[in-house]
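Note sheet for the following structure.
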Amino acid sequence: MKFIYFNIKEYKEAVSMSEESYIQQLFAERIGGENFGKEDVIYKFEKIKRAKAAAKEAHPDVELIDMGVGEPDWMADEGVIETLYEEAQKWENRGYSDNGIFEFKEAAAEYMEEVFGVERLNPETEINHSIGSKPALAMLPSAFINPDDITIMTTPGYPVMGTHTEWLGGEVVNLPLLKENNFLPDLDSLTEDQKERAKLLYLNYPNNPTGAVATKEFLKEVVEFAKENDIVVIYDAAYAGLTFDGYEPLSFLSIPGAKEVGIEIQSLSKAFNMTGWRMAFVAGNPLVVNAFATVKDNNDSGQFKAVQHAAAYALRHPEITEETAEKYSRKHDLLVEALQELGFDAAKPKGSFYLYVPIPKGVKGGPEFENAEDFSQYLIKEHLISTVPWDDAGSFVRFSVTFVADGVEEEKRVIEEIKDRLSRDEFVF
Ligand SMILES: Cc1ncc(COP(=O)(O)O)c(C=O)c1O
């Protein structure tokens, strides 16, 4: 879990200026109790941020190449922006939207059918909007998890649903995503007790951070597994539209029987370059959708209707996603080729904007890397290339092909620059 919302140094200074406040004694155990904010552990993303700042200060004239960012470099489509502008001026759009407007749900049902071949969902009972998929993942455990119930998660991965499961007194079982298993979890490794107590199974494909995609065969197994063990599947499809090289966008809901066992969360953040707009939807099993809507209604009052109209426009223009995916595919090609030439075991993924690469052992005549964090720090400090390290199931770094580059020539230049910098080292694998 990430605790840090402030600059730690400033926070500590601000807190130590006064006598210890009684407020410090009141923090809930789930965020650290009376020790909240006092820990000296620096979390991964804070370390990256600091290393980036230090490298920039040490080499102010060298371009920092940021391959660590998990969000698109493009703006939202012009049509989406214009729709927002028009809809924002309408009196009827000014107020709370609660569980959402029908037009968006209808556009979502059409989108699922057109892009993923999902049999037409009922917009009223099988779809509900969410202010991004992150809040949906945060709220869903409230609908299911009692103390001691289990949520099965995959690691490395996006941890939000696990954090909230634990906050509710539940337990998380993490299944490792290993290269030898194509980064798919081994459901057979769960014990009888775990299967008995599990209520939720979280899956995310195309996957962050591995870039792996799911096969239909695997998803069929998931449906069987869920039915056999009475488990609800929460399928995080944040990158579902961003696929390439012949792998067609795949929805969990396109698998026979999937709607009986779970829901999918689709996000407009990555597929439509709309991270800041905060729009997503849950779709699938009406019992789960209704439970989600109930929890959500007790958390927020819905996204601004004008944003929902703009999002409906986006869903009716899936070519925006196709064009975006083409760009990522092209950037992946360039990066994979460059890393392979340098000796890295880099394989282009079939989806997402993440390239997940095993770390080298070290540099000839230079440092050895104990883990991915070591290697990632080295890349920032020595080469001003920012990546995200993962040491959860093997040691890998994640390169995001969301680095800013305006056009193909600029993309090539950035990749050449990376190659040039890294070729000064002789990596040992
Ligand atoms: C796997 C995964 N799920 C969900 C999210 C959150 O997306 P949203 O912007 O829809 O909240 C992200 C964002 O990085 C993600 O990587």
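The values are calculated or read from the model by the stated rules, or taken from the named source; none is laboratory data. A quick note: this is a predicted structure, and the numbers were derived from the prediction, not measured. For neighbour counting, all protein chains shown are included, and Cβ atoms are generated from backbone atoms with ideal geometry for every residue, glycine included.
Laid out as a table, the results:
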| quantity | calculated |
| --- | --- |
| Residues of the range 328-348 classified as closer than 14 Å to SER400 by Cα and buried (at least 19 other Cβ atoms within 10 Å of the Cβ), total | 9 |
| Residues (among the polar types (S, T, N, Q), part of a loop (DSSP other than H, G, I, E, B) and within 14 Å of the ligand (Cβ to nearest atom)) located in the range 262-293 | ASN273 |
| Lone qualifier among MET139, MET153 - being of a type in the set (A, V, I, L, M, F, W, C), assigned to a helix (DSSP H, G or I), more than 18 Å from VAL307 (Cβ to Cβ) and within 16 Å of the ligand (Cβ to nearest atom) | MET139 |
| Tally of residues being among the aliphatic types (A, V, I, L, M), surrounded by 12 or more Cβ atoms within 10 Å (Cβ to Cβ) and over 27 Å from the mean Cα position of the chain (by Cα) across the range 55-109 | 2 |
| Test for ALA238: is it more than 15 Å from the ligand (Cβ to nearest atom) and either modelled with pLDDT under 95 or among the hydrophobic types (A, V, I, L, M, F, W, C) (or both) | no |
| Residue within the range 375-382 that is buried (at least 24 other Cβ atoms within 10 Å of the Cβ), touching a residue at least 12 places away in the same chain (Cβ under 8 Å), among the aromatic types (Phe, Trp, Tyr) and over 25 Å from GLY241 (Cα atoms) present | yes |
| Which listed residue, of SER352, SER329, is in contact (Cβ under 8 Å) with a residue 40 or more places away in the chain, at positive phi and out of contact with any Cys (no Cβ under 8 Å at 6 or more places or on another chain) | SER352 |
| When residues of the range 135-190 are limited to those that are among the polar types (S, T, N, Q) and touching a strand residue (DSSP E or B) at 6+ places or on another chain (Cβ under 9 Å), the one nearest to ARG30 (Cα to Cα) | THR163 |
| Criterion (farther than 30 Å from GLY68 by Cα and away from the ligand (no atom under 16 Å from the Cβ)) met by exactly one of ALA198, ALA108 | ALA198 |
| Count - residues of the range 349-359 that are crowded, with 20+ Cβ neighbours inside 10 Å and closer than 16 Å to SER386 by Cα | 6 |
| Candidates LYS259, LYS220, LYS296 - the one that is over 28 Å from ASP392 (Cα atoms), part of a helix (DSSP H, G or I), in contact with a Gly (Cβ under 9 Å, 6 or more places away or on another chain) and away from the ligand (no atom under 16 Å from the Cβ) | LYS259 |
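Matching residues to (1) small (Gly, Ala, Ser); (2) surrounded by 12 or more Cβ atoms within 10 Å (Cβ to Cβ); (3) closer than 24 Å to ASN371 by Cβ:
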residue: TRP390; (1), (2), (3): no, yes, yes
residue: PHE396; (1), (2), (3): no, yes, yes
residue: VAL401; (1), (2), (3): no, yes, yes
residue: VAL408; (1), (2), (3): no, yes, no
residue: LYS419; (1), (2), (3): no, yes, no
residue: ARG424; (1), (2), (3): no, no, yes
residue: PHE427; (1), (2), (3): no, yes, yes
